[in-house]
1. Working carefully through the options Asp153, Asp141, find the one that is farther than 18 Å from Pro27 by Cβ and of a type outside the set (S, T, N, Q).
2. Could you list all residues from the stretch 94-111 that are within 14 Å of Arg167 (Cα to Cα) and either more than 15 Å from the chain's Cα centre (by Cα) or more than 12 Å from ligand 3 (Cβ to nearest atom) (or both)?
3. Across the stretch 72-109, what is the number of residues that are polar (S, T, N, Q) and modelled with pLDDT under 95?
4. Scan the stretch 41-48 and tell me whether some residue there is within 16 Å of ligand 1 (Cβ to nearest atom) and of a type in the set (Phe, Trp, Tyr).
5. Listed residues Ala74, Ala116; which is assigned to a loop (DSSP other than H, G, I, E, B) and in contact with a Gly (Cβ under 9 Å, 6 or more places away or on another chain)?
6. Is there any pair with a first residue in the stretch 46-64 that is within 13 Å of Lys76 (Cβ to Cβ) and a second that is of a type in the set (S, T, N, Q) whose Cβ atoms are under 8 Å apart and which are 6 or more apart or on different chains, and what are they?
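The values are calculated or read from the model by the stated rules, or taken from the named source; none is laboratory data. Computed from a predicted structure; not experimentally measured. As a convention, Cβ positions derive from the backbone with ideal geometry for all residues, glycine included, and neighbour counts pool all protein chains shown.
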Amino acid sequence: MPRTGEIDVSDVSDASDTIDAIDALLPQTQCGQCGYAGCRPYARALAAGAAHINRCPPGGDDVINDLARLLNVAVKPLDTSCGMPKPPALAFIDEAWCIGCTLCIQACPVDAIAGAAKLMHTVIAAECTGCELCIAPCPVDCIQMVADERAQDREARLARANHWRARHQARQSRLGVAGAPPATPPAQAPTATGPKQAAIARALARAQARITKKQKSQ
Ligand code: SF4
Ligand code: SF4
Ligand code: SF4
């Protein structure tokens, strides 16, 4: 008998093997749209029978079909309350407007952004999962998503997912937060508080002055 919903895990003998098998099918963007703090936590919930298989917008129908096969459950349509599937995209930072606040770096679950405090930042395109978690925290809206021209066949996507999983795990280890949320889902993006907020406000004022000066010279 399934433990919850339609997920039957009654023949699961080794939970970690099952979690690994599920995790291997997930896109590894760590975007949090499934409602869990990344792909592995979602895999854990699936293995425990506590989640449905249709909560991963980046994975879309391919992941739903893969999970249905693995867990021997019925295919069901994507739960669009988690988000809609989108064409593959990468983040791009307009460096002319970047104020070097580092908020995007803190939000990126796979360390795909290079930069330092008060210096311009840039996305390492080859490492970007397209999770969009860096967009909301940027106080000057200088990050946008652009088309991802990388190969999108299954083999290429799985290879990238394996790479992103390793990068995410390395980040978690470095930060000493194994099992902790990789980042906050887009709807709840982190905001700066206290001294950091004040620093950002000052940086924003400088950026605004720069914009005004530029507009006057045009
Ligand atoms: S790609 Fe995003 S929605 Fe899909 S399992 Fe990973 S964190 Fe969840
Ligand atoms: S750069 Fe932005 S979109 Fe790309 S992986 Fe990092 S947080 Fe996600
Ligand atoms: S959040 Fe925006 S302004 Fe801040 S470092 Fe990143 S790109 Fe630059």
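1. Just one listed residue meets the conditions, Asp141.
2. Once the filter is applied, which keeps residues that are within 14 Å of Arg167 (Cα to Cα) and either more than 15 Å from the chain's Cα centre (by Cα) or more than 12 Å from ligand 3 (Cβ to nearest atom) (or both), the stretch 94-111 yields Pro109, Val110, Asp111.
3. 0
4. Checking the stretch 41-48: at least one residue is within 16 Å of ligand 1 (Cβ to nearest atom) and of a type in the set (Phe, Trp, Tyr).
5. Ala116
6. Correct list of pairs: Arg55/Gln33; Cys56/Gln33; Ile64/Asn54.
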